[in-house]
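For reference, the structure is listed below as structure tokens.
The values are calculated or read from the model by the stated rules, or taken from the named source; none is laboratory data. Quantities reported herein were computed from a predicted structural model and do not represent experimental measurements. The protein model used for the area step is the full one, side chains on, heavy atoms only, and it has no ligands, DNA or RNA in it. Shrake-Rupley method; radii C 1.70, N 1.55, O 1.52, S 1.80 Å.
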Amino acid sequence: MKARQSPRSGALSTSGVTFLDTADIYGPFTNEKLVGRAIAGRRSDVELATKFGNVRAENGERLGIRGDAEYVRQACDASLDRLGVDHIDLYYQHRVDRNTPIEETVGAMAELVEAGKVRRLGLSEALRRRSAAPTPCTRSPRSKPSTRFGAAIPRTRSCPRCVSSESAS
């Protein structure tokens, strides 16, 4: 299916919209293509968020929930391609995979930050499950705590990366 540009997408630049939130399963996949078309040529004007974790076939068939490292990387690359961008401002897990340790999922997401594909991370519906061990901080040493997308990501003394960035500030 070829994505069509919405008549409303031309109004994006004049509407004051600066935050767009989508997910790979919306459509499925079609919404990311539409958002990509809407922001083409004005990527720097918007904060872009998308989600992963609900796996669907091209025909829309539900295939389950995944949070394993391999899938996280594949899903991000596919979203970047559909969106037509080189990075995602906020990338978050839509549903928690109960068969994959959250540390594996967040670790793979942190690798996306390090690779420059993602700026900030998030988890949706993740409070129901606690991690077995503290999850490592995923901010780069140069980043500051962010409140742009809700609650601030606190710096912690237990994270060597945060401790080194605090002493450099």
**Prompt:** Around residue 118, which amide H atoms from residues at least 5 apart in sequence, or from another chain, sit under 5 Å from its own amide H, with H modelled in the peptide plane?
**Reply:** 88, 113
**Item:** In Å², nearest 10: area of residue 21 left accessible to a 1.4 Å probe
**Value:** 70
**Request:** Just read off the accessible area of residue 51 with the full protein assembly in place, 1.4 Å probe, to the nearest 10 Å².
**Result:** 10
